[in-house]
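The structure under discussion appears below in the form of structure tokens.
Read the figures in this text as sums done on the coordinates, not as results from a lab. Note that this is a predicted model, so its numbers are computed, not measured. Here Cβ is always computed from backbone atoms with ideal geometry, including for glycine, and neighbour counts include all displayed protein chains.
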Amino acid sequence: MTAAEADELARRFEPLPAQDLLAWAAERFGDRIVLTCSWQFQSSVLVHMLHDAGLRVRIVELDTGLLFPETYATRDALIERYDLTVERVDPLRTVGEQAHDEGPELWLRDPDRCCALRKVAPLARALEGMDAWITGIRREQASTRAAARKVELDAGRGVVKVQPLADWTTEDVMGYLYAHDIPYNPLHDRGYPSIGCMPCTRAVAPGEDPRAGRWAGTGKVECGLHLPVAEGTAD
Ligand code: SF4
């Protein structure tokens, strides 16, 4: 897909429902499209939409080995409710092996390297052979995501990013979840608007920036999954 085509598609789908974009993407990319799930509430919406429309799309979870018990329980509840087949892509080293090789608690000393090892490199493996990648990112989540479009070209990774919820607010997400009685991560109701790995995620106070609980005090705001990579350097 060319940049011009992605641009045209982004414009076409901007006013349309998320379900229309998912249906188009499933048809266009067939077995070469993947949905990655972090088991935050966007994942709940997207797996429900796919299930509701009968769309068989490959689903991958990027399991850092450091997720909250509530996150794993949410995954299990969604798998059971919607009879999902979920493929897990793990980092090449376990948390213990990483501690042995790099020293303990790498996330405290070099979170960018830790994310590169435990998130970004596994994503690159998950995207091997894929033409398109469905993500749950929303513009409202962070200033770094404010310009997200519903269809984008990720030239560095060589895939089209399909982002059906780009224009959804938190209220839109919660309204959809309640309307369809969908299981979602209970941490969202306990002050966690954004949920990642346990060592790098804390609850936020009312009115605080929704991403303030991620890598708090480090200046880091993104794990790298949704940042551009230079072409051919995704690993
Ligand atoms: S969020 Fe924290 S623990 Fe998880 S991969 Fe990144 S630095 Fe490591």
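Remark: spin-label model distance Ala99-Glu5 equals 4.8 nm, labels positioned 7 Å along the Cα→Cβ axis. A straight Cα-to-Cα reach below 24 Å connects Lys220 with the lysines Lys119, Lys161, residues fewer than 8 places away in its own chain not being considered. Rounded to the nearest 20 debye, the dipole size of the chain about its Cα centre is 260 debye, using +1 on the Cβ of Lys and Arg and -1 on the Cβ of Asp and Glu.
For the peptides 50-57, 34-41, 134-141, the ranking by packing is 34-41, 134-141, 50-57, with the highest mean count of neighbouring Cβ atoms within 10 Å listed first. Computed about its Cα centre, the charge dipole of region 1-98 is approximately 80 debye, with only Lys, Arg, Asp and Glu carrying charge at their Cβ.
The mean sequence separation of alpha-carbon pairs under 8 Å and at least six residues apart, normalised by the residue count of the chain, gives a relative contact order of 24 percent.
Taking every Cα-Cα distance in the chain and sorting them into 5 Å bins from zero, the calculated P(r) comes out as 1, 6, 14, 19, 21, 18, 12, 6, 2, 0, 0 percent.
Between Tyr72 and Ala179, the distance separating the two model label sites (each 7 Å from Cα on the Cα→Cβ line) works out to 3.4 nm. Positive end of the charge dipole of the chain (Lys, Arg +1 and Asp, Glu -1 on Cβ, about the Cα centre): tell me which of Ala53, Thr201, Gln19 has its Cα farthest that way. Of the listed residues, the answer is Thr201. Please give the Cα centre distance for region 104-173 versus region 1-28, rounded to the nearest Å. Region 104-173 and region 1-28 have Cα centres spaced 18 Å from each other.
The modelled label-to-label distance for the pair Arg81/Thr170, using points 7 Å beyond Cα in the direction of Cβ, is 2.0 nm. Among beta bridges identified by DSSP and lying wholly in the chain, the antiparallel ones come to about 30 percent. Taking amide H as placed 1.01 Å from N in the peptide plane, Val34 has its amide H under 5 Å from the amide H of Ala132, Trp133, Ile134, each at least 5 places away in sequence or on another chain.
A Cβ-based charge dipole, computed about the Cα centre of region 105-194 with Lys and Arg at +1 and Asp and Glu at -1, lands at about 300 debye.
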